[in-house]
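The values are calculated or read from the model by the stated rules, or taken from the named source; none is laboratory data. These numbers were taken from a predicted model, which means no experiment stands behind them. Backbone-built Cβ (ideal geometry, glycine too); neighbour counts: all protein chains shown. Calculation scope for accessible area: heavy atoms of the full protein, side chains included, ligands and nucleic acids excluded. Shrake-Rupley method; radii C 1.70, N 1.55, O 1.52, S 1.80 Å.
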Amino acid sequence: MDTADIDELWGRVTGTQPDPELWLIVAAALVALAAVAPFPVWRLSRTTITIAHEGGHGLVALLTGRRLQGIRLHSDTSGLTVSRGKPTGFGMILTAAAGYTAPSLLGLGGAALLSDGRITALLWGATALLLALLVMVRNAYGMLTVVLTGAAFLLVSWLTGPDVQAAFAYVVVWFLLLGGVRPVFELQAKRRRGEARDSDADQLARLTHVPAPMWLLLFHVVALTSLIGGGSWLLDL
């Protein structure tokens with residue numbers, strides 16, 4: 001690949017693409033909602049949210065100077081991220097708080113890119129993040145799900161036209177925004193039944209002495225404000 005090819009590729013990634021029609025944006029939102037709302041479908045699609053959740057833990061662990069040991073993704077849509085470092089302090093708090101907020105914040109960032117017409121940048125950026133995540137996955141099921149998800153982004157980026165790429169990108173971002181909301185309500189329901197007593201919210205409560213319901217409230221605020229803000233950007237309101 002010569003310099004001209006590199007420049008052309010870089011221009012393609014960093015350039016902007018035309019905004020899709022409003023009907024496509026609304027249709028993408030409906031497709032994403034259909035992947036989140038019905039429980040039988042959600043049992044399968046939730047794995048993608050788990051990838052973002054555990055990826056959020058892992059990324060923030062690295063950014064705060066912790067040593068990331070590995071990530072595991074399970075077929076029941078649960079996951080585990082293990083990092084080494086000081087068991088208390090600001091870095092550990094940020095790492096624990098990153099999981100439930102990551103899908104919504106990724107969706108918000110994606111909405112910002114799409115509102116600026118950067119569809120290709122979003123697709124390639126997501127592929128790069130999934131490739132980086134794959135290096136840290138430590139179980140076969142987790143590797144399979146990340147590889148399949150990354151392959152979907154790669155195939156759409158290379159083999160489809162602008163309309164299909166736009167539709168795919170908008171479905172993904174809507175899915176992150178909508179899918180970031182449901183797990184928080186699920187966690188709240190589990191805690192109400194006396195379950196999930198070692199959840200991220202409970203770990204944060206032990207780290208900060210702030211009650212777990214307050215952390216749940218923060219998760220709700222991040223998820224709902226991201227959905228409202230990101231949705232407004234996507235719909236150009």
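Structure data summary
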item: All positions within segment 127-145 that are among the aliphatic types (A, V, I, L, M) and either in contact (Cβ under 8 Å) with a residue 60 or more places away in the chain or crowded, with 22+ Cβ neighbours inside 10 Å (or both); result: Leu129, Leu130, Leu133, Met136, Val137
item: Matching residues, segment 214-226, being open to solvent by 40 Å² or more (accessible area, probe 1.4 Å) and either among the hydrophobic types (A, V, I, L, M, F, W, C) or modelled with pLDDT under 95 (or both); result: Met214, Leu217, Leu218, Val221, Leu224
item: Segment 25-43 residues that are aromatic (Phe, Trp, Tyr), paired with ones that are at pLDDT 95 or above and open to solvent by less than 80 Å² (accessible area, probe 1.4 Å) (beta carbon under 8 Å, 6 or more apart); result: Trp42/Ala35; Trp42/Val36; Trp42/Arg182
item: Failed item, numbered, when Ala196 is tested on (1) farther than 15 Å from Ala32 by Cβ; (2) touching a Ser or Thr at 6+ places or on another chain (Cβ under 7 Å); result: (2)
item: Yes/no for Tyr100 being open to solvent by 20 Å² or more (accessible area, probe 1.4 Å), under 25 Å from Ser226 (Cβ atoms), touching a His at 6+ places or on another chain (Cβ under 8 Å) and in contact (Cβ under 8 Å) with a residue 60 or more places away in the chain; result: yes
item: Helices (runs of 4 or more DSSP H) enclosed by segment 173-237 - at least 3 residues per element that are over 15 Å from the mean Cα position of the chain (by Cα) and within 18 Å of Gly56 (Cα to Cα); result: 200-208, 212-235
item: Filter result for the condition that a residue is exposed (fewer than 13 other Cβ atoms within 10 Å of the Cβ), at positive phi and small (Gly, Ala, Ser), over Gly161, Gly194; result: Gly194
item: Among the candidates Gly107, Gly99, residue that is under 10 Å from the mean Cα position of the chain (by Cα), of a type in the set (Gly, Ala, Ser) and under 20 Å from Asp236 (Cβ atoms); result: Gly107
item: Criterion violated by Ala152 - all others in (1) over 28 Å from Lys190 (Cβ atoms); (2) outside any helix (DSSP H, G or I) satisfied; result: (2)
item: Filter pass, Trp233 being out of contact with any Pro (no Cβ under 6 Å at 6 or more places or on another chain), of a type in the set (Phe, Trp, Tyr), open to solvent by 70 Å² or more (accessible area, probe 1.4 Å) and under 30 Å from Glu21 (Cβ atoms); result: yes
item: Residue in segment 1-47 that is modelled with the lowest pLDDT, counting only those that are open to solvent by 60 Å² or more (accessible area, probe 1.4 Å) and β-branched (Val, Ile, Thr); result: Ile6
item: Gly107 being modelled with pLDDT under 95, open to solvent by less than 30 Å² (accessible area, probe 1.4 Å) and not acidic (Asp, Glu); result: no
item: Enumeration of residues in segment 83-104 that are among the hydroxyl-bearing types (Ser, Thr, Tyr), modelled with pLDDT under 95 and not in a loop (DSSP other than H, G, I, E, B); result: Ser83
item: Single match in Leu59, Leu80 (criterion: in contact (Cβ under 8 Å) with a residue 24 or more places away in the chain, under 27 Å from Leu148 (Cβ atoms), in a helix (DSSP H, G or I) and open to solvent by 10 Å² or more (accessible area, probe 1.4 Å)); result: Leu59
